[in-house]
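Have a look at the structure below before the remarks.
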C-alpha cells in the first residue's frame, strides 16, 4: 500500500513516511492511493473476530509486510491494547428500539482516542527502535488528545512529548491527566486562546517539512494517518456487533446483498472519526454516518448549505473535546467524496485556511452529504422522537392495569367509567376524570403550590440540560429508530 497527499503531491509514499510526516509537502494530508474493497467472504470472517484481531486485519491491508511484518503488527496491537480496563477492549450495549452504544472509554484516560493513540504510539516506537532514532512529538489538544498521547508514550526513551493545552478550555480531569505526568520525556505547556488558535502555528511548523525532518518533529494529532486508520476498525466492530443479533461475535452469516444498513452517530470535532467512517464505507461497509456537533457547527453548516467556514471564536461547551472550528480531517472526507479530485480539494482547503471561509461546489456538497448525513434544519428539530414511543400508542391514563400492554383501551376506558382493575380511566377525549372536590385550608394550598412550582422548575431544568447535551441535533436525529443504530460513544 502506498500513500498520496489529498492535494496531489507525495505520490508513492510509504506507510512509514505518512506516519512520520504529518502533513505532506504540499500541505495536504496523507491518504491511501487506493482504498481496498472488502469482499462478502472477508466480512463474514471478520464478524467473529475480537476487537484487537479486527484492528490487526484492517491495518494489515494498509501496512505493507515489508514495513511491519504481520506477526509483529499483531504483537504491537496486542501490546497497545493490553492496558485497557475491559477484557474485550471495546464493549457493545443494546438499548431499546434499535438503539445501541459502542463503549470506547475503557482506555487509560477513558477517552476514545486511547484506542488509536496507543496503537499509533507502538507503530512509531517500532520504527524508532528499528532505525535507532529519536523524535519530538508535538501535540495540540482541545482536551482528550494530550492526556491520551502522554499515557501512550510516557517513559518512552526514543520520544519526547510536548503537549500544548489551551488555558481554561479543558476540564479539570483532562488537565490533571496532562499536568500530573512526571516522566522526563513529557513536557506540558498551557497557551492562550483555543485549540484552533494553537493548531495554526503547529500547522505552519509541519508545513516546513525540511525543518521538521531535520529536527525529528512529528505529530500524533489526527492529521496523522495512523490515527484515522485504527479508527476505521470502530465502525466495522460496531456494525458486526449491531447486526449479529446477540451482542457478541459469531452471529449468523449474511450475504452481502442482505446486509442491513446501520446508522452510526459520531461526535465530531476535527472529524477524524468521521473520515474513518467514510473509509469504512468505501471499503464496502453498509453504514450511514451522522455527525453530531455542538455549538461549533462548521460540519453541520457545510453539509446543510455548503458553508464551510469558521464562525467566529470557538464556543466553549461541556464537550470540550469537540470545541473545534477547524475540522481538518474534512479534507480527507472531501478527497474521498470527490473521487480523489486533488485540484478541487486543494482549492477548497486553501481558501478555507487563508480566509476562514470556502463555499463547497454543489457536486461536492451533495456527495459529502450522502456520506455524512445532513441534520434537520432548526425549524424542524424535535427533541423527542415520536417513533421512540410507538409502543405507547395508547395514552397511559387509558391503560387498564389488567392488560397494561394492550394496544387499545378497555371498554371502561372508552366510556370513562370505573374499571375493576383500576381506580378510574380517562374520558373518551383523553382527559383524566378529576378527583372529588374537598375542602382545603390556605396552608395546604400554599404547600401544594410550592411543590408544583418545584416540580415545574426541575422539569424545565432537565429539559434545558437535555437540549444542551444534544446541541444542534434533535433526538430524532441522534436516536433514529427506523434503522438499526449504533452510537459511537466517547463519554
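Rule-based calculations on the coordinates, nothing more; no lab input. Owing to the predicted nature of the structure, the values given are computational and were not obtained by experimental measurement. Methodologically, a virtual Cβ is constructed for each residue, glycine included, from the backbone with ideal geometry; neighbour enumeration extends over all protein chains shown.
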Checklist line | Spin-label model distance (nm) - residue 72 vs residue 452, 7 Å beyond Cα toward Cβ | finding: 7.5
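When 180, 42 are ordered from fewest to most other Cβ atoms inside 10 Å of their Cβ, what list results?
In order of increasing Cβ crowding within 10 Å: 180, 42.
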Margin query: I'd like to compare 266-277, 330-341, 305-316, 153-164: which one has the highest average count of other Cβ atoms within 10 Å, and what's the full order after that?
Written below: 266-277, 330-341, 153-164, 305-316
Next item on the list: For the range 134-217, state what percent of all Cα-Cα pairs lands in each successive 5 Å bin, counting from 0 Å until the bin that includes the largest distance.
Entry: 3, 16, 26, 23, 19, 10, 3, 0
Margin query: For a quick check: sort 212, 370 by the number of other beta carbons within 10 angstrom, fewest at the front.
Written below: 370, 212
Note to self: From zero outward in steps of 10 Å, how is the percent of C-alpha pairs of the range 1-98 spread across the bins?
What the structure shows: 14, 33, 33, 17, 3
Item checked: Coarse-grained scattering of the range 19-177 at q = 0.09 Å⁻¹, given as base-10 log I(q)/I(0) from a Debye sum over alpha-carbon atoms -> -0.36
Item checked: Tail weight of P(r) past 19 Å, computed on alpha-carbon pairs of the range 67-127, percent -> 39
Check: When you take every Cα atom in the range 235-366, what is the radius of gyration, and what is Dmax, the widest Cα pair distance, in Å?
Finding: 16.7, 52
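For a quick check: sort 218, 322 by the number of other beta carbons within 10 angstrom, fewest at the front.
218, 322
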